[in-house]
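Below you'll find the structure, written out as structure tokens, and then a few comments.
The values are calculated or read from the model by the stated rules, or taken from the named source; none is laboratory data. Quick caveat, the model's predicted, so the values are computed rather than measured. All Cβ positions, glycine included, derive from the backbone under ideal geometry; neighbour counts span all protein chains shown.
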């Protein structure tokens, strides 16, 4: 009655029956290395569940904290970077393995009677996995996560008739915000893994029940240990590759999500690129076809394959055309995805991620209780809209935060003794405020020479042919003013202002910054 | 290769491969869970109240606020200590007590009438020097380092205990 005694466990768990049904069975001799794809998928799912559990222990699903908790995992938790990297790459590897497994099954025609349900559970699993991917990559709440979710959920909203309510259900509201993050996280942790577990159980049961299909079904080999050994080695190799990718490349993390960023080019994760690109081909009112119609139709087509393929499989010619058609469709999908890799418009500015991180700190530390930005905030301390322009000195900014009394002995501002990266992030943010409006000492003179004949600038005298530019900077960026100056009709077809061609590009930029800064400093 | 040898070899392959896989994943999980965060507590000084506010022999409860890193959040964190000034005439003798009872960490109160600290959780009682008079606490009240600078009490914190 010792614990090592096989009969002890067999009496209680019925292990002998499980062993003979599962392990001692025979499978066709044609089962080879390609058939290990199923076991590889299972191993990757195991890795995702394990690393997922480890990540949830240190993650916070709130828009204010999600990003920082991910950085905490990456930088401060021992092996955190590795765990996150394993989770990220295992997801991509799983999708590749699952699709290869599906194609292998398809090309061997293993979906025909009596294996239709095995096929269906498999396709449903692929859909669940893709949804796990979609819900998962919102969680870091970085730029890519936020914008890819905005676009992805907008596509859901394109569904005819039920699009609006469906969009609200998926987002938990009109916008992608706290409710969206919360429900994506909840679904990613509970509903989808449960569905996957049920489907995996069904799928494996059906595979064992119906046996592995083969062109030579009468041949046989032992499942244990022959095929299991192949599965084990394949799993080990894939895991090795996975560790390599996780250690070498890690998981990406961009700047924190910024809904006001107009220069970002959203891109979904690679496995949604073909779908994303489809939207380019169906512009205007036909968009719903691409966003919803085609994907839905494809899904239904693949799911019901065992039935509509029957007429094709009756003849060798039909069989070939079916396989050729599927091959062609796969190539088209891959090409579509490849064309989607590069953004279609220029102008994704490279932003130092310290600046948006610093902005988050600015908000969470309560700076707005005393200071305002563009007039919004408290009035105890000065407005900080152009603090980077007025104090372009990171040492000064650092000292002002750490010990405000070193610059003004009577100031009521408390000390903010931030450490390390937190201090440099906040300083980077403050330094960026107005920094892009830095103009040279020539700017006022250039303005007077070129512009004041027609324009006043607030308290500065000038002509009355054009509008007073004194408040312009509050509603227009320097880039806008620059372009307007060089070509007014490009932005306003009814403009009476002539294009200013006598100045160089740099001089126009200088004047534009001067005009905008003047408006912002005047408030 | 004889069939039995082949069987044994393949069984060993399975054992080896699954052992490596479990070992790698288990090791990663163990390291991640037990490794903890890399950052330690940094030492810092917190300025409290003027010494002149203290009445000898009468402990008072003092709150303070400091900016701390709580995992991934930078927040204003409130803490408190008990301060008591000694009766002696010579140099100013200040004791700073950690406000958590040394038994299970409950906050305790100063009983003015009885002249003792009392903990409501399990009936622990400490005298004005923090010594255990009654109840289950296993050791006297924990003390914090302090000094007097420019007439103000300054406490020093840092190390594993952290803010209270």
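Of note:
- Matching residues in the stretch A:423-447 - criterion: being surrounded by fewer than 19 Cβ atoms within 10 Å (Cβ to Cβ) and over 21 Å from residue A:520 (Cβ atoms): A:424
- Test result for residue B:132, more than 15 Å from residue B:60 (Cα to Cα) and in contact with a strand residue (DSSP E or B) (Cβ under 7 Å, 6 or more places away or on another chain): yes
- So residue B:21, is it more than 8 Å from every other protein chain (Cβ to nearest Cβ), free of Cβ contacts under 8 Å to residues at least 60 places away in the same chain and touching a helix residue (DSSP H, G or I) at 6+ places or on another chain (Cβ under 8 Å): no
- Any hit, the stretch B:52-60, residues being surrounded by 12 or more Cβ atoms within 10 Å (Cβ to Cβ), over 19 Å from residue B:98 (Cβ atoms), without any contact (Cβ under 8 Å) to a residue 24 or more places away in the chain and away from chain A (no Cβ under 14 Å): yes
- Restricting attention to the stretch A:203-227 and to residues that are facing chain B (nearest Cβ under 10 Å) and in contact with a strand residue (DSSP E or B) (Cβ under 9 Å, 6 or more places away or on another chain), the residue that is farthest from residue A:96 (Cα to Cα) turns out to be A:222.
- Selection from the stretch A:384-426 of residues that are under 18 Å from residue A:352 (Cβ atoms) and within 14 Å of chain B (Cβ to nearest Cβ): A:418, A:420, A:421, A:422, A:423, A:424, A:425, A:426
- Of the helices (runs of 4 or more DSSP H) contained entirely in the stretch A:42-157, those carrying at least 2 residues that are buried (at least 20 other Cβ atoms within 10 Å of the Cβ) and within 14 Å of another protein chain (Cβ to nearest Cβ) fall at A:66-75, A:80-107.
- Qualifying positions in the stretch A:222-250 - touching a helix residue (DSSP H, G or I) at 6+ places or on another chain (Cβ under 7 Å), modelled with pLDDT under 90 and outside any helix (DSSP H, G or I): none
- Per-region count, the stretch A:171-181, residues part of a helix (DSSP H, G or I) and surrounded by fewer than 18 Cβ atoms within 10 Å (Cβ to Cβ): 2
- Filtering the stretch A:182-203 for residues that are touching a helix residue (DSSP H, G or I) at 6+ places or on another chain (Cβ under 8 Å) and surrounded by fewer than 16 Cβ atoms within 10 Å (Cβ to Cβ) leaves an empty set.
- Residue under evaluation residue B:43, criteria (1) crowded, with 16+ Cβ neighbours inside 10 Å; (2) touching a residue at least 40 places away in the same chain (Cβ under 8 Å); (3) within 14 Å of chain A (Cβ to nearest Cβ), criterion not met: (1)
- Of the residues screened, residue A:187 is not one that is within 14 Å of another protein chain (Cβ to nearest Cβ), within 29 Å of residue A:269 (Cα to Cα), touching a residue at least 40 places away in the same chain (Cβ under 8 Å) and assigned to a helix (DSSP H, G or I).
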